[in-house]
Structures are given as structure tokens and as C-alpha cells.
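Single-structure report; data block below.
The values are calculated or read from the model by the stated rules, or taken from the named source; none is laboratory data. Since the model is a prediction, treat every value here as computed from it, not as a measurement. Backbone-built Cβ (ideal geometry, glycine too); neighbour counts: all protein chains shown.
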Amino acid sequence: MKTLLVIRHAKSSWDNASQDDFDRPLNSRGHYDAPEMARRLLARQMQIDTFISSTAVRAFTTATYFAKAYRLSEKKIIAVPELYHASVAVLFRTISQIDNHYQSAAIFSHNPGITAFVNELCSVKIDNMPTCGIFAVESDTLQWKDFQWAEKSFLFFDYPKL
């Protein structure tokens, strides 16, 4: 069994209209929600063996908050530039490359791809993956390369305003 946590970046700042989208930081709500959602995962006793993130500032910062809650150095976060506005295909490809000794993984990315992706995972469908939302599934496979085609079970969907 493999467990995947799909996490959208926390709320980002639009204070600087001329700032490149990739470089947008979290706003004050994002800085609050990310550690709070990480605490919720810890309260669920969810194991996370590896953290994989888009290299966009808002996504990587969100991943950093989660890693810190799990007492993992941000240097251990696997940075994947292709996760910035990734398609469903890119998300599945990234997951297929996770080392098999990891039983659980958290992947941090962006909309609209992340909503489309979670809607491909199991029978549970959502309209929109909110900022700092977490969608978790368990896959009946021993190898991440088979994750896409393996039977998956919905575990939970959580987000800051829930």
C-alpha cells in the first residue's frame, strides 16, 4: 500500500501586481493556514515519508511548513520545477518516479491541475481544491510506478475553512 497526500499551496499574496506569478509569496492567511493544516495531519497521525513540491515560492513555502511540522529539514523536500501549474499527466509521472522505499508521500502543486488530478484518483470528486487543501488516498500497490493504474481508496479531504 502507498499513501498519497495531494496538497495545494496555501493562500498567496497579490500585493505586488507586477510580481511574476512564480515568485508570489504566501500572504498572512497562508502563513497561518499552512502550519495549521500540517498540525491537523499530525493529529490524524498521518505518516509522510517524503515531501515533493513545485519550486514556485508559494508552493515550496507551504511544503516547508509541513516539513517543519514533521521535523524534516527543508533541504529534504524534493523540488520539482515541472509541478508549477502541472497537468494531470505531469503529476502522475512525478508520482511514478517516487522511490519505492517511501510508503507515503505529500505532493504540493497548483490549480487548475491539482483539482483535475484529484478527480482522477478515485470515485470522490470535488469542484475545487481550495488553497492549502489536502486530498488523501491509499493505493493498492507496492510500487509508485503502478500508482496511476492501481485501485485507490479515498481517505479524507480537508481544507482550512472546513
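If you check 127, 99 for being in a loop (DSSP other than H, G, I, E, B), under 19 Å from residue 1 (Cβ atoms) and of a type in the set (D, E, K, R), only one passes: 99. Residues in region 31-57 that are farther than 21 Å from residue 100 by Cβ and in contact with a helix residue (DSSP H, G or I) (Cβ under 7 Å, 6 or more places away or on another chain): 34, 35, 38, 39, 42, 54, 55, 56, 57. Under the condition of being crowded, with 19+ Cβ neighbours inside 10 Å and either in a strand (DSSP E or B) or under 12 Å from the mean Cα position of the chain (by Cα) (or both), the residues counted in region 130-157 number 10. For residue 117, indicate whether it is out of contact with any Phe, Trp or Tyr (no Cβ under 7 Å at 6 or more places or on another chain), surrounded by fewer than 17 Cβ atoms within 10 Å (Cβ to Cβ) and closer than 30 Å to residue 13 by Cα. Criteria not met by residue 117. Within region 92-106, residues that are touching a residue at least 40 places away in the same chain (Cβ under 8 Å) sit with their Cβ atoms under 6 Å from residues that are part of a strand (DSSP E or B) and surrounded by 13 or more Cβ atoms within 10 Å (Cβ to Cβ), at 6+ positions apart or across chains, in these pairs: 98/105; 102/50; 104/3; 105/4; 105/50; 106/5; 106/7; 106/51. Among residues of region 7-21 that are within 12 Å of residue 60 (Cα to Cα), those with a Cβ under 6 angstrom from a residue that is modelled with pLDDT of 90 or more and assigned to a loop (DSSP other than H, G, I, E, B), sequence gap 6+ or separate chain, pair up as 8/129; 8/131; 8/133; 10/131; 10/132; 12/24.
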